[in-house]
Amino acid sequence: MKTLPTVLQTHQAKDYKSDLKPIWCPGCGDFGVLQAIYRSLAAINRPPHEIAFVSGIGCSSRIPGYTTTYGFNSVHGRPLPIAQGIKLANPDLLVLVAGGDGDGFSIGGGHVPHAIRRNTDLTYIVMDNQIYGLTKGQLSPTSPRGLITCTSEYGSLEEPVNPLLYVLAYGCGFVAQATPADMPGMTEVIEAAIRYPGFSFVNVQSPCVTFGREEVQVKAHRAQMKSLKSLNHDPTNRLAAMDLAQHYGHELHTGIFYQNPTPPPTLDALVSERKAALNGKGLPRQKIFDLLLQKQ
Amino acid sequence: MNNTRAIDESTSHGAGVLAACRPIDFEKITLMDALDLATLVEQEAKDRYSEFAHQMTTHHNPDAAGFFLRMIQIESTHELRLTERRRKLFGGTPPNVRREMIFDIEAPEYDEARSNMTVRRALEAALTSEKKAFDFFDAAVQRVKDPGVP
């Protein structure tokens with residue numbers, strides 16, 4: 001008797017694992033995120049050569065090197081514009097973007113709203129540890145008020161950025177949060193984010209084991225986390241998602257906050273349509289260069 | 001884009017500790033599936049200890065690295081025994097379970113490792129993982145209907 005689903009997959013998680021071994025601090029939350037990404041990619045079942053992984057700078061931005069996909073460990077805060085360029089140049093690629101909270105919401109903060117409003121089909125995974133770990137523990141944009149670090153000796157006076165509310169407010173079509181304390185849950189949301197046709201955002205609460213506070217480590221997450229499914233949250237209700245997102249920093253909600261039930265067309269699809277409509281009538285690239293040079 | 005799902009979500013998910021193994025329906029599991037699952041559990045633990053050993057070596061902690069290398073040997077022995085039994089009973093029949101279906105059943109969680117961990121702490125992490133695996137199999141066996149599995 002057949003008791004289990006037939007194995008249909010041609011790709012396994014190990015196929016996405018490169019020979020380069022991570023050099024993160026032992027206990028880092030990013031190890032779990034990497035495993036969840038391998039498994040999500042195996043579930044998506046696309047070969048590594050059809051995937052491009054772009055990152056910025058920071059501990060978490062080392063991720064592309066640990067995968068067998070095409071990878072670009074790019075410029076600080078600039079993975080989103082680079083990833084959008086890659087997707088527009090080759091819409092058939094599955095494009096993933098990874099980075100930390102500093103890379104995404106401080107140095108690269110200005111790129112996030114534009115990536116969202118353009119709705120390029122990308123998946124942006126932020127490993128949010130609320131600290132600058134790579135540079136030895138300075139205040140980051142998501143550090144809570146009062147946090148004592150080497151750059152806030154008497155405690156931070158600033159309110160943190162709320163990444164979930166931020167992206168929801170800009171109209172992101174898919175918003176989720178995960179933690180390495182729930183590996184099956186994290187794998188599930190990353191896979192769902194990749195499958196979403198449009199810009200998708202996953203905020204992973206990925207603790208910094210070296211500079212992070214004890215109360216935000218994985219063990220504490222296990223006690224604190226509340227699955228949105230268990231709260232009977234309707235992920236198609238954007239206002240309910242925004243209401244829940246306000247608890248960022250105080251409560252750890254995991255799962256899909258919002259998923260647009262009627263995703264609008266992606267920028268890459270619209271560009272392809274425009275190209276087809278022009279039917280070769282657009283100016284050739286060389287002609288554009290010539291015109292630019294003439295103007296100079 | 002190929003959106004084919006290999007994992008059938010229609011099967012019932014386990015509760016509690018069994019949630020670490022998705023989406024296997026333990027009520028329908030056969031002896032072959034159980035042996036394959038147990039082998040994967042040992043492989044996962046072996047691979048995690050291998051990662052930990054590398055992490056400890058990278059972070060200049062040879063004592064903890066040595067302990068984790070020993071754990072790799074132990075888990076490899078378990079894996080070998082299971083593989084042999086499976087081969088004798090079911091030969092080369094393709095398995096129904098995949099590594100992607102299990103999450104840290106006997107493997108210590110990544111957050112158990114610390115760059116400065118002592119051998120004692122490494123041993124405690126391994127012991128916690130063994131207990132975790134015991135709890136998993138104990139919960140699973142209570143759901144199993146096939147009399148050949150337990």
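The values are calculated or read from the model by the stated rules, or taken from the named source; none is laboratory data. Model, not experiment: these values are computed from the prediction. As a convention, Cβ positions derive from the backbone with ideal geometry for all residues, glycine included, and neighbour counts pool all protein chains shown.
Side notes on the structure shown:
- Only residues that are within 14 Å of another protein chain (Cβ to nearest Cβ) and in contact with a Phe, Trp or Tyr (Cβ under 8 Å, 6 or more places away or on another chain) were counted across segment A:60-77, and they come to 1.
- Condition broken by B:A20, with the remaining ones in (1) at pLDDT 95 or above; (2) under 20 Å from A:S40 (Cβ atoms); (3) of a type in the set (A, V, I, L, M) satisfied: (1)
- When A:S152, A:S140 are screened for being in contact (Cβ under 8 Å) with a residue 12 or more places away in the chain and within 30 Å of A:R117 (Cβ to Cβ), only A:S140 passes.
- Selection count where residues are more than 13 Å from every other protein chain (Cβ to nearest Cβ), in a loop (DSSP other than H, G, I, E, B) and under 19 Å from B:I74 (Cα atoms), scope segment B:91-143: 1
- Within segment A:122-141, being touching a Gly at 6+ places or on another chain (Cβ under 7 Å), more than 22 Å from A:Y66 (Cα to Cα) and surrounded by fewer than 24 Cβ atoms within 10 Å (Cβ to Cβ) holds for one residue alone: A:P141.
- Any hit, segment B:61-83, residues being more than 9 Å from every other protein chain (Cβ to nearest Cβ), among the hydroxyl-bearing types (S, T, Y), in contact with a Lys or Arg (Cβ under 8 Å, 6 or more places away or on another chain) and closer than 29 Å to A:T187 by Cβ: yes
- Candidates A:F211, A:F199 - the one that is in contact (Cβ under 8 Å) with a residue 24 or more places away in the chain, surrounded by fewer than 23 Cβ atoms within 10 Å (Cβ to Cβ), closer than 19 Å to A:G99 by Cβ and not small (G, A, S): A:F211
- Some residue of segment A:86-101 being assigned to a loop (DSSP other than H, G, I, E, B) and touching a residue at least 60 places away in the same chain (Cβ under 8 Å): yes
- Of all residues assigned to segment A:16-35, at least one qualifies as being assigned to a loop (DSSP other than H, G, I, E, B), of a type in the set (S, T, Y) and more than 8 Å from chain B (Cβ to nearest Cβ).
- Some residue of segment A:70-81 being assigned to a strand (DSSP E or B), polar (S, T, N, Q) and surrounded by fewer than 22 Cβ atoms within 10 Å (Cβ to Cβ): yes
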